[in-house]
Amino acid sequence: MIYFIDGTKEGFLTAFLLAFPDPDSAIASSEHQLALGQQCAFVTADEERAKRAERRFLQLDGRCMRELDTLLRSGEKNKEQIAFRYLRLIAQKQRPVRDMLADADVLAASECMARVGHEAERLKGFVRFLESASGALYAPISPDNDICDLLGIHFRARLPGYPFVIHDVSRKKASVWDGEHLFLAPLERAEVLLSADEEAWQSLWREYYRSVNIPSRLRLKQMRGYLPVRYRKFMPEFK
Amino acid sequence: MFDIARFSCYNRGMISEEKLKILTEGAKYDVSCSSSGSRRKNEGGIGNGSAAGCCHSFTPDGRCVSLLKILMSNDCVYHCRYCPNRADADVPRATATPEELCLLTVDFYKRNYIEGLFLSSAVVKNPDYTMERLLITVKKLRTEYAFHGYIHLKGIPRADETLVREAARYVDRMSYNIELPSERSLKLLAPQKSKESLLLPMRRLAKEKELFRAEKRNGLFLPAGQTTQMIVGASPEPDGLILRLSQNLYRKLGLKRVYYSSYVPVVRDSLLPDLPVEQLREHRLYQADWLLRFYGFSAEELLPEGENLPLEYDPKCAWALKNLHCFPVEVNTAPLEMLLRVPGIGAKSAYKITQARRYTPLTLEDLRKMRVVLRRAAYFITCGGKYSGTKSRTGLRGLLSTGIQPAKQLSLFDNPNALLPLSEAEPAYSALTGEL
């Protein structure tokens, strides 16, 4: 049996309770390709049951709900299944399992979480803000994983005096800081009127980037490893 | 609430591209670019520290851009022989004002181009004047511009103690470059500097920091500590001596990092070698440095004082080959300290192994799945008593060698640049190795 969910944490936990007793079951979001003759069900989130499952999981492992949050942010197609198999092991063993790295399910979950965390860390550096005429900052991004609100939290602590919008252009949503509130909002596309000096600062930055390089020590492969080409789209030094 | 409008009035003082270029090229050979170690909080204004550090971009030479690495001035009165900015060199000179530097930092920072400022300078007029200008800049940045991001300030040797101490109250990290690994070389190549003029301020700052902590005073005093840098290969000191020096700096002065930069000839001088030092030597020194700091090795274990690190093996591998009686170790029972000594097993892998083996005996296949690198490690471990390396001890050396020949005869065709006058090989001012 395959349980389809809406992508929320509540939906996942509701489906988990249904899928847990059956060893061959799976949880997936809507993009899953069904095999011939496979049974499926669509699960709607049940707040009450999800709460109950969450409470129980927290008793077994205080960190696992934060890990579930990370796993569900992943851009991987089978992230729900990875999370399901990981949490099922916790439920079976009745204790934390994250250190059992020789287990394939634990390993898969741990690598999936590491990828999400790694990208969030990377983007803290690679996000590039444009200054608008009003002084507010705007940064377009298109990350592999759904991490736009995590970046919002990072930049709220760093730039509390500057209203900003971090726009995930592929997921069409944005993390917005208006100086008082940080919130997620759907955002199709944005028109930004740049400030008078923005071009000049970008050009200065390009000059800096050119000057700080040591041409006689070319190491493009290393550069690509640290800064993959897909992240360069919104960075002024590559324009 | 923090007021943005207040800052727009500064926009007149943007630094010129030409000046930025000169001052950046003068600073770029400094190796240190790390922004870690500080948790400075945002107290209204702009910026905060990020304890793990953060890389904002990468240049085609594979290095990260974390801090805005820049000289306040390249107009030097010193005559260090290896330095293209020395007083008698014919290079374009520039000096930035504190306002220009502050504005540049804040505007780059808020666009998230950088993690902070790494400010250094040539010695303008005299050490006290230079240190004072540096102090004015960092003080202005912290107070007037309310900047709480990372600041790394290079200390000026022989500058007044009170200026240095005050600067340390505003910045996250300070560093004095040791430049050359021995007093003799320093005297020869950088006559205005002495070992004492570099070590004394480091010692004073370390003491002051201890005092600051003991008295639990308010504020911060160099939260990210001190670092230093030395040039390798401009003078004849062997790796054994260099590593002992680093070890002393870590143990006695509590330095956070020692950086090594391989010598690149930019100035032709009868006292300096004409050929650049191979990058591999620098790489091996860094590997050994890591072993000192994170793997529980001592410099004495790694190599005798008068020797260089072997180029064909990494230092841990070389140590293991000299101490084959300690191997193979059983991954399922060996203590963490011993796992850390297995060539190819890093701190992360060693930790993963100690965690995972509590639940099940590990096989070689398990290790592979856990992404433990086994290319070298396989020869030094057993998994459940099974050894899958080679039985022949002499064969082992060959299998582990990277195939790099340690000694090389200089050929006319090897490096055509060595035969050219330097000015044709590369513009002198664009390749500074040891700056202040």
Residue match in the range A:224-239 (condition: in a helix (DSSP H, G or I), within 18 Å of B:I114 (Cα to Cα), at the interface with another protein chain (Cβ under 7 Å from one of its Cβ atoms) and of a type in the set (A, V, I, L, M)): no
First in the range A:61-73 and touching a residue at least 60 places away in the same chain (Cβ under 8 Å), second anywhere and open to solvent by less than 30 Å² (accessible area, probe 1.4 Å), Cβ under 7 Å, 6 or more apart: A:L72/A:F12; A:L72/A:A83; A:R73/A:V116; A:R73/A:N145; A:R73/A:I147
Which listed residue is more than 14 Å from chain A (Cβ to nearest Cβ), touching a residue at least 24 places away in the same chain (Cβ under 8 Å) and either touching a strand residue (DSSP E or B) at 6+ places or on another chain (Cβ under 7 Å) or polar (S, T, N, Q) (or both), from B:S50, B:S121: B:S121
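Which residue, of A:L227, A:L130, A:L151, A:L194, is in contact (Cβ under 8 Å) with a residue 40 or more places away in the chain, open to solvent by less than 10 Å² (accessible area, probe 1.4 Å) and either of a type in the set (F, W, Y) or in contact with a Ser or Thr (Cβ under 9 Å, 6 or more places away or on another chain) (or both)? Break it down stepwise before answering.
Numbers: A:L130 fails: open to solvent by less than 10 Å² (accessible area, probe 1.4 Å); A:L151 fails: in contact (Cβ under 8 Å) with a residue 40 or more places away in the chain; A:L194 fails: open to solvent by less than 10 Å² (accessible area, probe 1.4 Å).
Just a single option satisfies the conditions, and that option is A:L227.
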Selection count, the range B:56-71, where residues are in contact (Cβ under 8 Å) with a residue 24 or more places away in the chain, touching a helix residue (DSSP H, G or I) at 6+ places or on another chain (Cβ under 7 Å) and assigned to a loop (DSSP other than H, G, I, E, B): 1
Condition broken by A:I2, with the remaining ones in (1) within 14 Å of another protein chain (Cβ to nearest Cβ); (2) crowded, with 17+ Cβ neighbours inside 10 Å satisfied: (1)
Options A:R98, A:R49; residue that is over 23 Å from the mean Cα position of the chain (by Cα) and in contact (Cβ under 8 Å) with a residue 24 or more places away in the chain: A:R49
A:L151 being of a type in the set (A, V, I, L, M, F, W, C), closer than 30 Å to A:C112 by Cα and in contact with a helix residue (DSSP H, G or I) (Cβ under 8 Å, 6 or more places away or on another chain): yes
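I'd like the full set of residues that are among the aliphatic types (A, V, I, L, M), out of contact with any strand residue (DSSP E or B) (no Cβ under 7 Å at 6 or more places or on another chain) and open to solvent by less than 20 Å² (accessible area, probe 1.4 Å), limited to the range B:340-364.
Listed by number, the residues that qualify are B:I345, B:A350, B:I353, B:A356.
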A:R98 open to solvent by 20 Å² or more (accessible area, probe 1.4 Å) and modelled with pLDDT under 95: yes
Qualifying residue in the range B:72-87 (condition: within 12 Å of chain A (Cβ to nearest Cβ), in contact with a strand residue (DSSP E or B) (Cβ under 8 Å, 6 or more places away or on another chain) and part of a loop (DSSP other than H, G, I, E, B)): no
Candidate set from the range B:51-99 (those that are among the basic types (K, R) and under 22 Å from the mean Cα position of the chain (by Cα)); member that is surrounded by the most Cβ atoms within 10 Å (Cβ to Cβ): B:K69
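One line per residue, one yes/no per condition, for (1) aliphatic (A, V, I, L, M); (2) more than 11 Å from chain A (Cβ to nearest Cβ); (3) on the phi > 0 side of the Ramachandran plot:
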position	(1), (2), (3)
B:Q355	no, no, no
B:T363	no, no, no
B:R371	no, no, yes
B:A377	yes, yes, no
B:I381	yes, yes, no
B:L399	yes, yes, no
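The values are calculated or read from the model by the stated rules, or taken from the named source; none is laboratory data. On a predicted model such as this, the values are computed, not experimentally measured, just so you know. Using ideal geometry, Cβ is built from the backbone for each residue, glycine included, and neighbour counts are taken over all protein chains shown. For the accessible areas, the whole protein counts, side chains as well, though only heavy atoms, and no ligand, DNA or RNA atoms are used. Shrake-Rupley method; radii C 1.70, N 1.55, O 1.52, S 1.80 Å.
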